[in-house]
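Asks: Please read through the structure below; I'll follow up with questions.
Values in this text are rule-based calculations from the coordinates and carry no lab data. Predicted model, so just to flag it, every value in this text is computed and none were measured. Methodologically, a virtual Cβ is constructed for each residue, glycine included, from the backbone with ideal geometry; neighbour enumeration extends over all protein chains shown.
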Amino acid sequence: MAHIPRVTLVHLTRQKWGVLVASILRQLFPLVILAACAAAQAPADQIPGQESHLKEAGSSVVLEHSTFAHGYRHGYEAGYHIGNTDINMGRPLREKLSGLHDLKTGYLSQFGSHSVFDKGFQAGLKAGYSDGYLGRNFRAVDTMRALAGSLQQSSFPADPRHSHFDAGFLAGYNDGYERGGSDDSSAAPMDFHFVSCARFNPARQTDETAGASYCEGYRRGFVLGHGDAFALRPGTARMEASK
Ligand SMILES: [Zn+2]
């Protein structure tokens with residue numbers, strides 16, 4: 001007699017399990033159909049994982065044109081988060097971010113040159129860390145939007161892969177950073193339209209359109225670098241930290 005209830009119990013459990021599975025499948029069925037439709041519509045070259053910057057309204061066009069700017073965007077985000085965490089945990093301001101080298105940059109090969117992306121990442125990391133630590137606004141998206149101005153309409157057939165634009169952006173960032181750190185720089189946000197660009201010296205006349213693309217990048221990079229250097233000046237940071 002003792003074995004009969006056990007068999008009954010197993011039998012009932014199996015029955016219940018079956019009912020439960022059927023019920024779950026019925027509820028999930030519309031979701032499965034929706035997911036299948038979404039997958040069918042997704043473009044084949046869709047970027048996997050967490051990458052969403054290339055779809056960010058208003059700013060993505062700059063990131064598409066410049067690998068450096070895209071790396072900057074990733075670094076800024078990481079730096080801002082670390083700076084924010086440090087201040088909230090009562091940790092001292094990190095003078096150097098060299099201890100953070102094991103950070104994941106989020107680089108994917110379709111973004112462009114790895115080394116240029118990393119340069120942008122380091123620049124953004126520094127700027128973002130400072131902003132996060134000092135409780136400033138997360139400004140990377142707005143800054144990129146301001147730099148995007150009229151870029152969508154710009155067309156440079158001589159620079160189809162935007163490599164001149166990106167080279168200009170990097171050179172402009174470095175020059176702007178140098179200028180922003182000097183004593184005669186102004187806190188007022190710069191308008192990239194008024195940055196002069198004399199660095200591109202085309203070797204041949206046919207390179208002139210490539211030069212125009214380079215300068216479009218240069219002006220925008222200059223404004224970003226100038227703003228960062230100003231924000232990172234020791235005096236500015238100290239003043240805000242003591243508020
Ligand atoms: Zn990204």
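Asks: What's the ranking of 139-147, 71-79 by average number of surrounding C-beta atoms within 10 Å, highest first? Kindly include the intermediate steps, with their values, before the conclusion.
Replies: Numbers: 139-147: 19.6, 71-79: 26.8.
The densest-packed peptide leads the list: 71-79, 139-147.
Asks: At what distance in nm do the modelled label points of LEU100 and SER115 sit from each other, each positioned 7 Å from its Cα along Cα→Cβ?
Replies: Reported label-point gap for LEU100 and SER115 is 2.4 nm.
Asks: Right, something else. When only alpha-carbon atoms count, how far does region 135-182 stretch along each of its three principal axes, as whole angstroms with the largest first?
Replies: Answer, in whole Å and largest first: 41, 23, 14 Å.
Asks: May I pose another question? Extending each Cα 7 Å along its Cβ direction at ALA198 and ASN88, get the distance between those two points in nm, one decimal.
Replies: Placing both labels 7 Å along Cα→Cβ, they lie 4.8 nm apart.
Asks: A follow-up question, please. Per-residue counts of other Cβ atoms within 10 Å, averaged by peptide: what ranking do you get for 214-221, 58-65, highest first?
Replies: Details: 214-221: 27.0, 58-65: 21.4.
Ranked from most to least packed, the peptides come out as 214-221, 58-65.
Asks: SER182 to THR209: FRET efficiency via 1/(1 + (r/R0)^6), r the Cβ-Cβ distance, R0 41 Å, to the nearest 0.05? Mind dumping the intermediate values first?
Replies: Values: r = 33 Å, r/R0 = 0.80.
E between SER182 and THR209, to the nearest 0.05, is 0.80.
Asks: Grab the beta carbon distance between ASN137 and ALA158, set R0 = 41 Å, and tell me the FRET efficiency rounded to 0.05. Intermediate values should be presented prior to the final figure.
Replies: On the way: r = 38 Å, r/R0 = 0.92.
Efficiency computed from Cβ-Cβ geometry: 0.65.
Asks: Ranking HIS114, HIS70, HIS164, HIS193 by Cβ neighbours within 10 Å, fewest first, what do you get? Spell out each step's value before the answer.
Replies: Working: HIS114 14, HIS70 29, HIS164 24, HIS193 9.
Starting with the residue having the fewest Cβ neighbours, the order is HIS193, HIS114, HIS164, HIS70.
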